[in-house]
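Shown next, in structure tokens, is the structure this report addresses.
The values are calculated or read from the model by the stated rules, or taken from the named source; none is laboratory data. Given the structure is predicted, the values throughout are model-derived calculations rather than measurements. Every residue, glycine as well, gets a Cβ built from its backbone with ideal geometry; the counts of neighbours run over all protein chains shown. For accessibility, only protein heavy atoms count, side chains too; no ligands or nucleic acids. Shrake-Rupley method; radii C 1.70, N 1.55, O 1.52, S 1.80 Å.
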Amino acid sequence: MPGSRVPGRTWTVRLTGHADHSASVTCSTEACRMPPRSKDTAALKRFAAEHVRAHARLATVRPDTACACRAAQCALHEARTQCTGSTLLVLVHNPAVGQVWTLAEICQSCAPLIAHTAILGRSQPQGRQAPPTASVPAPATAPAAVPLPVAGGFSSPQAAPEAPAARRRPHRPARPRRSP
């Protein structure tokens, strides 16, 4: 049916810590392969940020897309609004938390209401060429490093890179025990 809109897409990449001080990365796209659990959380965080950048580079904002926020009952923001305007490709990432990256097709009305966003692309009317989307900014907490390779299909061809010499916590002297 002409004029109908397709649902907005959302990709979520999450870094999850575990009780044994290791972490793992997951992606909401089932076809994506992630590296195995590792104690090198800095490498996994860099991988997660690069993985989101790969999704953003390949995602073309479709002009006939409905707001993904509306489909999620506006869970990304508190204020209520009417979904209107053209569709934007938006990255939601709070650097203070730093463990979840959400890439979504959001309408122009909802986008300013969502905290910690960066607009990465805009939909173009059908028939016009879209300019290249902006690159996803690296999270503020990630150190400048050589980006990890991301193979086609967004998977890691091998496990996370070898960790540099493990950092140890400083030794604390034992506290004297209390006597009963």
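A few remarks follow.
- Residues (of a type in the set (A, V, I, L, M, F, W, C), farther than 13 Å from THR12 by Cβ and buried (at least 16 other Cβ atoms within 10 Å of the Cβ)) located in the range 92-113: ILE106, CYS107, CYS110, ALA111, LEU113
- Verdict on THR60 being in contact with a Gly (Cβ under 8 Å, 6 or more places away or on another chain), assigned to a loop (DSSP other than H, G, I, E, B) and open to solvent by 30 Å² or more (accessible area, probe 1.4 Å): yes
- Scan of the range 88-126 for residues that are of a type in the set (A, V, I, L, M, F, W, C), assigned to a loop (DSSP other than H, G, I, E, B) and within 16 Å of the chain's Cα centre (by Cα), ordered by number: ALA96, VAL97, ILE114, ALA115
- Lone unmet requirement of (1) over 15 Å from the mean Cα position of the chain (by Cα); (2) open to solvent by 40 Å² or more (accessible area, probe 1.4 Å); (3) not basic (Lys, Arg) for ASP40: (2)
- Unique residue being open to solvent by 70 Å² or more (accessible area, probe 1.4 Å), of a type in the set (A, V, I, L, M, F, W, C) and either modelled with pLDDT of 90 or more or touching a Ser or Thr at 6+ places or on another chain (Cβ under 7 Å) (or both) when the list is ALA31, ALA23: ALA31
- Taken over the range 42-95, the criterion of being touching a Pro at 6+ places or on another chain (Cβ under 9 Å) and either free of Cβ contacts under 8 Å to residues at least 12 places away in the same chain or aromatic (Phe, Trp, Tyr) (or both) is satisfied by PHE47 alone.
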